[in-house]
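Working notes, structure below.
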Amino acid sequence: MRRSLLLASVCLITLGMAGGFAPAAFAADKSEPASAAAGHDDVVAKVNGATISLSDIALADEEMGQALARLPEELRFQYLLGMLIDRRIVAQEAKAKKMQDDPMVKRREAYYDEKALRDVYWVQLMRDKVGEKAVKAYYDEHIAKAEPETEAHAAHILVASKAEAQKVIAEIKGGKSFEDVAKSASKDSSSQEGGDLGWFKKADMVPEFADVVFKMKAGQISDPVQTKFGWHVIKLIETRKSKKPTLDEAHDDIMRTLAREQGTKTMEALRKKSKIEIVGSDAQTPKMAPAAPK
């Protein structure tokens with residue numbers, strides 16, 4: 001499964017591909033057919049005698065996985081299988097109509113041949129650079145030796161203007177509880193929980209909010225704080241030192257971080273030794289594709 005995660009991270013972050021999903025039915029490393037990982041490649045359907053196997057499902061998931069990420073595994077599997085059945089039916093019909101030599105078919109074949117070469121070779125490159133030793137070294141250096149972060153447990157009341165925020169503070173000083181005022185005045189989704197935001201780290205919040213919270217004392221209520229979301233009145237409930245994750249708990253995040261870093265370095269090196277010419281007098285060399293969002 002960890003090898004599958006490496007591939008998914010590499011593809012999603014450095015190539016902009018969908019990936020990362022590996023249900024139990026086909027949790028194989030997508031850089032090779034399911035048969036190579038499991039010792040066989042089970043047939044899951046036949047269309048006019050032509051088989052559709054688990055490795056086909058894995059490749060379809062690699063193509064469409066991000067769009068289907070919220071579907072339950074079984075429903076996702078069925079959707080992908082249905083899509084492949086429909087695709088096979090139409091492809092067989094196209095062959096019967098002698099579409100193989102159509103220029104548009106040839107152009108797409110060339111496009112996907114290049115994509116296949118790139119995808120498989122890229123994974124091989126990343127395997128050489130991102131492995132378990134690298135993950136362990138990163139953990140030892142950046143997590144095991146690092147000071148534990150401070151976490152804050154806070155609540156807030158979000159309003160539209162500074163005047164409203166000052167009114168909120170006056171009501172609390174006048175004897176109303178912070179929680180009751182939050183329920184009646186806050187425009188944030190946390191209002192029904194008395195404005196409770198739970199535990200968070202400094203990097204989890206926008207800087208204007210975090211800078212105030214992490215300078216407060218437990219029980220303190222802030223002056224009005226402006227962020228892009230509006231005006232906040234903040235109550236710090238308590239702070240604590242975060243618990244360091246174990247290597248196993250941090251493994252997947254570290255793998256994604258290393259894949260992103262090594263992918264960027266590798267692509268920069270490959271570009272430097274390539275001659276890239278952009279046609280057009282005002283054309284500029286395009287930058288590398290941005291990393292896909294997490």
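Answer rounded, prolate or oblate for region 89-188, using the Cα gyration tensor with square roots of eigenvalues a ≥ b ≥ c: rounded when a/c is under 1.5, else prolate when a/b is larger than b/c, else oblate. If you can, show how the numbers build up before the last one.
Numbers: a/c = 5.58, a/b = 1.91, b/c = 2.92.
Here region 89-188 falls in the oblate category.
With an 8 Å Cα cut-off and a minimum separation of 6 or more residues, compute the relative contact order for region 189-248 in percent.
Numbers: 50 pairs, mean separation 13.7, N = 60.
That works out to 23 percent.
Length gained on full extension, Lys217 to Ile89: 39.4 nm, using 0.36 nm per residue less the C-alpha separation. Between amide H atoms placed 1.01 Å from N, distances below 5 Å from Asp196 occur with His156, all of them 5 or more places distant or on a separate chain. Kirkwood hydrodynamic radius computed over region 36-146 comes to 17.5 Å, based on all pairs of distinct alpha carbons. Here's the list of aspartates and glutamates a cross-link from Lys129 could span, going by alpha-carbon distance under 14 Å and ignoring same-chain residues fewer than 8 apart: Glu261. With R₀ fixed at 51 Å, the C-beta to C-beta distance from Asp140 to Lys106 puts the FRET efficiency at about 0.50.
Spacing of the modelled spin labels on Asp128 and Glu238, each 7 Å from Cα toward Cβ, amounts to 5.3 nm. As a length-normalised measure over Cα pairs under 8 Å and 6 or more apart, the relative contact order of region 108-202 settles at 30 percent.
Let's test the formula: R0 of 41 Å, r as the Cβ-Cβ distance of Leu75 and Thr227. What FRET efficiency results, to the nearest 0.05? Could you put the intermediate results ahead of the total?
Working: r = 39 Å, r/R0 = 0.95.
It comes out at approximately 0.60.
Would you list which lysines come within 24 Å of Lys176, measuring only between C-alpha atoms, while excluding same-chain residues fewer than 8 positions from it? Candidates past the 8-residue exclusion: Lys162, Lys167, Lys187, Lys217, Lys235. Ordered by solvent-accessible area of protein heavy atoms (1.4 Å probe), largest first, the residues Arg70, Arg260 come out as Arg70, Arg260.
Please tell me which of these pairs span more than 23 angstrom C-alpha to C-alpha: Lys133/Lys241; Lys202/Lys287; Lys136/Lys202; Lys173/Lys201; Lys201/Lys228?
With Cα atoms farther than 23 Å apart: Lys133/Lys241; Lys202/Lys287; Lys136/Lys202; Lys173/Lys201.
Of all lysines in the structure, the ones whose alpha carbon falls short of 17 Å from that of Lys97, not counting any fewer than 8 places away in one chain, are Lys106. Taking the centroid of alpha carbons for each part, region 138-213 and region 230-276 are 24 Å apart.
The values are calculated or read from the model by the stated rules, or taken from the named source; none is laboratory data. Being a predicted model, the structure only gives us computed values, none of them experimental. No Cβ is skipped: glycine too gets one built from the backbone with ideal geometry, and neighbour counts run over all protein chains shown. Protein only, heavy atoms only, side chains kept; ligands, DNA and RNA dropped before computing areas. Shrake-Rupley method; radii C 1.70, N 1.55, O 1.52, S 1.80 Å.
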